[in-house]
Amino acid sequence: MAGMLKLAVIFLKIGVVFFGGGYVLIPLLHRIMVDQLHWLTLKEFLDGVALSQLTPGPLAMLATFVGFKDAGFFGALLATVCIFLPCTALMLFIASRYERFRRIDAVNHFLDGILPAVVGLVFAAAFNLGRTSLTGARDFLLLAVGFLVLQFTAIAPMAVILGASLVGLLLRFA
């Protein structure tokens, strides 16, 4: 029971700061799940981040994975509910008052200030993941190709992820 309570508290805390998209949470999730609690190895974490891209709600599904690994089905359910609960409650509160909030200059300035910080957090997450997972020329080539395809074509990110995984699989057997 104490394990489930700890799981709930941790994912409620993460859920409180779960705004700006899941990518801003990668450093926090890594620190908690790999470095502090040792719920995942670095490889499991990176695999979880990669696999979560194939599901709706990327990175939130990582909570489901960790919950399942730690406490089975009910742990997965608890972690998923707890990571979504704070942001859902906040969005319901804000949505009901949206018309009033959007006319407040301070709110607009606040959001303008957050944007560069979020970009920095995403860059830091990408840098940290790249530093640990890009180990050879093939990895950097796939990174560059993926970036160029996403930046200059209308190809869906899912197609790029599946294509890169296919290349990795083919190179494994070559």
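The values are calculated or read from the model by the stated rules, or taken from the named source; none is laboratory data. Since we're looking at a predicted model, the values are computed, not measured. Every residue, glycine among them, receives a Cβ derived from its backbone with ideal geometry; neighbour counts consider all protein chains shown.
Side notes on the structure shown:
- Flag for residue 88 being within 16 Å of the chain's Cα centre (by Cα), of a type in the set (Ser, Thr, Tyr), in the same structural domain as residue 28 (by TED's automatic domain parsing) and surrounded by 12 or more Cβ atoms within 10 Å (Cβ to Cβ): no
- Scanning segment 125-174 for residues that are farther than 23 Å from residue 48 by Cβ and of a type in the set (Phe, Trp, Tyr) yields 152, 173.
- All told, residue 169 meets the bar of being of a type outside the set (Phe, Trp, Tyr), surrounded by 10 or more Cβ atoms within 10 Å (Cβ to Cβ), without any contact (Cβ under 8 Å) to a residue 24 or more places away in the chain and assigned to a helix (DSSP H, G or I).
- Residue among 5, 92, 59 that is hydrophobic (A, V, I, L, M, F, W, C) and either touching a helix residue (DSSP H, G or I) at 6+ places or on another chain (Cβ under 8 Å) or modelled with pLDDT under 85 (or both): 59
- Note on segment 99-118: residues that are under 30 Å from residue 35 (Cα atoms) and in contact with a helix residue (DSSP H, G or I) (Cβ under 9 Å, 6 or more places away or on another chain) amount to 2.
- Set 138, 102: member being of a type in the set (Lys, Arg) and either outside the structural domain of residue 17 (by TED's automatic domain parsing) or modelled with pLDDT of 80 or more (or both): 138
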